[in-house]
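J.: I have a structure here, written as structure tokens, and I will follow up with some questions on it.
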There are 2 protein chains.
Amino acid sequence: MRIALLGGTGDIGEGLALRFARDTDHEVLIGSRDPEKARDAVDGYETELDERGHEATVKGFANEMAADRADVVILSVPPYYAGDTVEAVADSLDDETILVTPAVGMKGDEDGMHYHPPGAGSVSELVAQRAPEAVPVVGAYHNLAAGKLADLDVEFDLDTLVVGDNPDANETVRTLTNEIDGLRALEAGPLSNAAEVESVTPLVINIAKYNDEMHDVGVKWV
Amino acid sequence: MRIALLGGTGDIGEGLALRFARDTDHEVLIGSRDPEKARDAVDGYETELDERGHEATVKGFANEMAADRADVVILSVPPYYAGDTVEAVADSLDDETILVTPAVGMKGDEDGMHYHPPGAGSVSELVAQRAPEAVPVVGAYHNLAAGKLADLDVEFDLDTLVVGDNPDANETVRTLTNEIDGLRALEAGPLSNAAEVESVTPLVINIAKYNDEMHDVGVKWV
């Protein structure tokens, strides 16, 4: 399969790109609004993979091109860009393309981070509203420890939750995700269950803030 | 210390009563609106503990009496009774009594459970509003697997998150909680962070609903 990471030049996009490239046989495409930036990121990822003896090919494109070539498009952009990014690549999406959204709306104050969903109820539902109707939208990768994911020297044992209204699309994303070493995808139901999934992201940040021994916190459901 | 479990005759109250009685030296008091019901529950708990060779004493009282005698009062009642229960025992509470609330407001539909907080923002904040001002209020024990907790044959490795505006009270509850075998208490900050903690409860129910191999789901923050 071809997996495109739009906004795949930072944060969770970097970690997913490196892990998909290292642990699976799927083709990884990095998208950015600026294709030059995507190619620069790709150079860095390939160096990291090379240094560890992996010959994985990662390619950089403008977002539209990356989306056009991909079977699974992961919107690893900040929540306030999610809707616009979907509309910018809408012509490259169809019912054969799974659109995956990991973004979460949050607001911080001195006590910590708080869940702050858009009017649609969750970013996942916002993305579904802005995407062409036939495109299956899946929420996933919300509560991952981004730093651990992006550091290929770190082995982890983490869960991620998958929500979406198209069971086949959810299953494809779960299967794909389970190919990453140490990552387990669990099903959490339709998009109407997305808010509870997304709201774990401010919580893991708060746990890291208030417990000295914990950094870059992730979750296991047991 | 004396730990009172108000509404300690069912669900999470049962598990906490049994585990505190088995694993710690603290005195466990069971409260109920009907003291007869509390004493019946106590008989059952003592039988269970006896059968496993534990001589722990658990005592049953009306809620007011249990609260009056306790250093830590755990409100293990349904969310819609939490405020009224606090007011019913208010005269038994003072600045030396820590009031702990594990309740979560939820609403179910065919897709799953959804977080449904009261107007105060969270049940923890509602309890703080309804409690006498001097009483330190701590949110804890929201996301525990109640069935596992109540079955003393089950060994677990679970986390629970503690929120509250009085750091000393939070620390007392964390220390107490860590005395239960297999349970780890983590700090999650002030009461204003309670909503993100409480909203994990509908999520663990949804995870159990959508993953065949998972029942009575709990959480480890890693």
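The values are calculated or read from the model by the stated rules, or taken from the named source; none is laboratory data. Bear in mind that the values here come from a model prediction, so they are computed numbers and not experimental data. Because the Cβ atoms are built from the backbone with ideal geometry, glycine has one as well, and the counts that use them run over all protein chains shown. These accessible areas exclude ligands, DNA and RNA; they are computed on the full protein's heavy atoms, side chains included. Shrake-Rupley method; radii C 1.70, N 1.55, O 1.52, S 1.80 Å.
J.: Using a simple charge model, +1 on the beta-carbon of Lys and Arg, -1 on the beta-carbon of Asp and Glu, nothing else, what dipole does the stretch B:74-202 show about its Cα centre, in debye to the nearest 20?
T.: 220
J.: Hey, another quick one. Quick one: which residues, 5+ away or cross-chain, put their amide H under 5 Å from the amide H of A:Met113? H built at 1.01 Å from N.
T.: Under 5 Å from the amide H of A:Met113 lie the amide H atoms of A:Asn206, each far enough along the sequence or on another chain.
J.: With +1 assigned to the C-beta of every Lys and Arg and -1 to the C-beta of every Asp and Glu, and no other charges, what is the dipole magnitude of the protein assembly as shown about the Cα centre in debye, to the nearest 20?
T.: In debye, rounded to 20, the protein assembly as shown gives about 440.
J.: Quote the FRET efficiency, to the nearest 0.05, computed for A:Arg2 versus B:Lys220 with a Förster distance R0 of 35 Å and r equal to the Cβ-Cβ distance.
T.: Result of the calculation: an efficiency of 0.55.
J.: Please state the charge dipole magnitude for chain A, taken about the Cα centre, from unit charges on C-beta atoms (+1 on K and R, -1 on D and E), reported in debye and rounded to the nearest 20.
T.: Roughly 280 debye, rounded to the nearest 20.
J.: Springs between alpha-carbon atoms under 10 Å, Gaussian network over chain B: tell me which of B:Tyr141, B:Tyr80, B:Tyr115 tops the mean-square fluctuations.
T.: B:Tyr80
J.: Count the DSSP beta bridges whose two residues both fall in the stretch A:2-210, then state the antiparallel fraction as a percent rounded to the nearest 5.
T.: About 20 percent, rounded to the nearest 5.
J.: Sort B:Arg184, A:Arg33 by accessible area with a 1.4 Å probe, largest first.
T.: I get A:Arg33, B:Arg184, largest accessible area first.
J.: May I pose another question? Separation of the stretch B:62-119 and the stretch A:45-63 by C-alpha centroid, Å?
T.: Between the Cα centre of the stretch B:62-119 and that of the stretch A:45-63, the gap is 54 Å.
J.: Now for a separate question. Cross-link list A:Lys220/B:Lys59; B:Lys59/B:Lys148; A:Lys148/B:Lys148; B:Lys59/B:Lys107: which exceed 29 angstrom alpha carbon to alpha carbon?
T.: A:Lys220/B:Lys59; A:Lys148/B:Lys148; B:Lys59/B:Lys107
J.: Length gain on complete extension for the stretch B:Glu96 to B:Asp23, per 0.36 nm per residue less the alpha carbon to alpha carbon distance?
T.: That pair, B:Glu96 and B:Asp23, stretches by 23.9 nm at full extension.
J.: Can you return the aspartates and glutamates within cross-link range of B:Lys209? Criterion is Cα-Cα under 13 Å, with same-chain partners fewer than 8 residues away left out.
T.: Within the straight-line cut-off, B:Lys209 pairs with A:Glu187, B:Asp109, B:Glu110, B:Asp111.
J.: For B:183-190, what's the mean count of beta carbons from other chains sitting within 10 Å of each residue's beta carbon?
T.: 5
J.: Within chain B, what is the longest stretch that has no GluC sites (Glu not before Pro) placed in a DSSP loop and near at most 10 other beta-carbon atoms within 10 Å?
T.: B:156-212
J.: Cα centroids of the stretch A:158-204 and the stretch B:133-150: how far apart, whole angstrom?
T.: Between the Cα centres of the stretch A:158-204 and the stretch B:133-150 lies a distance of 27 Å.
J.: Separate question: So what does B:Lys107 come to for accessible area, using a 1.4 Å probe and Å² rounded to 10?
T.: Here the residue's solvent-accessible area equals roughly 120 Å².
J.: Picking from B:Ser192, B:Val217, B:Val137, whose Cα lies most toward the positive end of the charge dipole for chain B (charges on Cβ: Lys, Arg +1; Asp, Glu -1)?
T.: Projecting each Cα onto the dipole axis, the largest value belongs to B:Ser192.
J.: Sticking with this one: Taking the dipole about the Cα centre of the protein assembly as shown, with the C-beta of Lys and Arg at +1 and of Asp and Glu at -1, give me whichever of B:Ala56, A:Ser76, A:Leu16 is farthest to the positive side.
T.: Toward the positive end, the furthest listed residue is A:Ser76.
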